[in-house]
Amino acid sequence: DPGLELDVVLDAGQVVSGLIRDFAGAPVIDVDIDVDYVSGGRLYTPGDNTDLTGAYRVVVPSGLHRLRFEPVRGSRLLGAEIDSVDVTVDAVVDVTLETGFLLQGNIADDLGAPATDVDIDFRDALTGAKIYLANNSTDVDGNFVVAVPSGEFELRFTPPRASSLVAVSRPGF
């Protein structure tokens, strides 16, 4: 068997780093940082969780990016999203995560089977603007737990596109 050869060129990137803290100033550990191109598409950023000091570091190509900060599932800390971060040089982006309220439940089909990968979305009741929620989908048992801000919202449950389940909207939540 002949061997395979694969030559790869790794481009130089820009370092985006920072500290994630709660409102008391304590470090928040194990926050998952996701980076997307603003034009669409997720970047592969290995090792992108905060450490015991709340610090993170990712390397990304130059460009306009969206940063998402997702605390661990079940945390009362709200996720954060920063849109249109122009990364042309190394950047420090520190984030303070606000505390919210836990909304949890179970979603099932009409026969009682768990509905998996259902998206839970919040929309501002007045403007219709989407509110970023971390950990916003059901697990394999149909369970969800999300930290939500206070206020009045439209709550939406959206099954996966390939599903035969009907989406539900609850205004005035």
V35: passes all of (1) among the β-branched types (V, I, T); (2) over 26 Å from P149 (Cα atoms); (3) surrounded by 15 or more Cβ atoms within 10 Å (Cβ to Cβ); (4) out of contact with any Gly (no Cβ under 9 Å at 6 or more places or on another chain) but (2)
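Being touching a strand residue (DSSP E or B) at 6+ places or on another chain (Cβ under 8 Å) and open to solvent by 60 Å² or more (accessible area, probe 1.4 Å) is the filter here, so list the residues in the range 46-60 that pass it. Steps first, answer last, please.
First pass over the range 46-60, keeping only residues touching a strand residue (DSSP E or B) at 6+ places or on another chain (Cβ under 8 Å): 47-50, 52-60.
G47, N49, L52, T53, R57, V59, listed by residue number.
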Let me confirm something: among S75, S84, which residue is small (G, A, S), in contact with a Leu (Cβ under 9 Å, 6 or more places away or on another chain) and either surrounded by 17 or more Cβ atoms within 10 Å (Cβ to Cβ) or in contact (Cβ under 8 Å) with a residue 60 or more places away in the chain (or both)? S75
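Residue-by-condition table, conditions (1) over 22 Å from T99 (Cα atoms); (2) free of Cβ contacts under 8 Å to residues at least 24 places away in the same chain; (3) open to solvent by less than 40 Å² (accessible area, probe 1.4 Å); (4) not hydrophobic (A, V, I, L, M, F, W, C):
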{"residue": "E5", "(1), (2), (3), (4)": "yes, yes, no, yes"}
{"residue": "I20", "(1), (2), (3), (4)": "no, no, yes, no"}
{"residue": "D30", "(1), (2), (3), (4)": "no, no, no, yes"}
{"residue": "G40", "(1), (2), (3), (4)": "yes, yes, no, yes"}
{"residue": "L43", "(1), (2), (3), (4)": "yes, yes, yes, no"}
{"residue": "S62", "(1), (2), (3), (4)": "yes, no, no, yes"}
Mind checking which residues of the range 88-102 are open to solvent by less than 30 Å² (accessible area, probe 1.4 Å) and under 14 Å from S150 (Cα atoms)? G100
Residue that is least open to solvent (accessible area, probe 1.4 Å), among those in the range 106-122 that are more than 21 Å from R76 (Cβ to Cβ) and under 20 Å from the mean Cα position of the chain (by Cα): V118
Name every residue in the range 149-173 that is part of a loop (DSSP other than H, G, I, E, B) and either touching a Ser or Thr at 6+ places or on another chain (Cβ under 6 Å) or aromatic (F, W, Y) (or both), in order of residue number. A167, F173
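Yes or no, residue by residue, for (1) farther than 11 Å from D121 by Cα; (2) free of Cβ contacts under 8 Å to residues at least 60 places away in the same chain; (3) over 15 Å from the mean Cα position of the chain (by Cα):
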{"position": "S137", "(1), (2), (3)": "no, yes, no"}
{"position": "G142", "(1), (2), (3)": "yes, yes, yes"}
{"position": "A147", "(1), (2), (3)": "yes, no, no"}
{"position": "V168", "(1), (2), (3)": "no, yes, yes"}
Scan the range 30-68 for residues that are under 18 Å from D94 (Cβ atoms), under 15 Å from the mean Cα position of the chain (by Cα) and not hydroxyl-bearing (S, T, Y) and report the count. 12
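The values are calculated or read from the model by the stated rules, or taken from the named source; none is laboratory data. These numbers come from a predicted model, not from an experiment. Please note: Cβ atoms are built from the backbone with ideal geometry, for glycine as well, and neighbour counts cover all protein chains shown. Areas reflect the complete protein model, heavy atoms only, side chains present, ligands, DNA and RNA absent. Shrake-Rupley method; radii C 1.70, N 1.55, O 1.52, S 1.80 Å.
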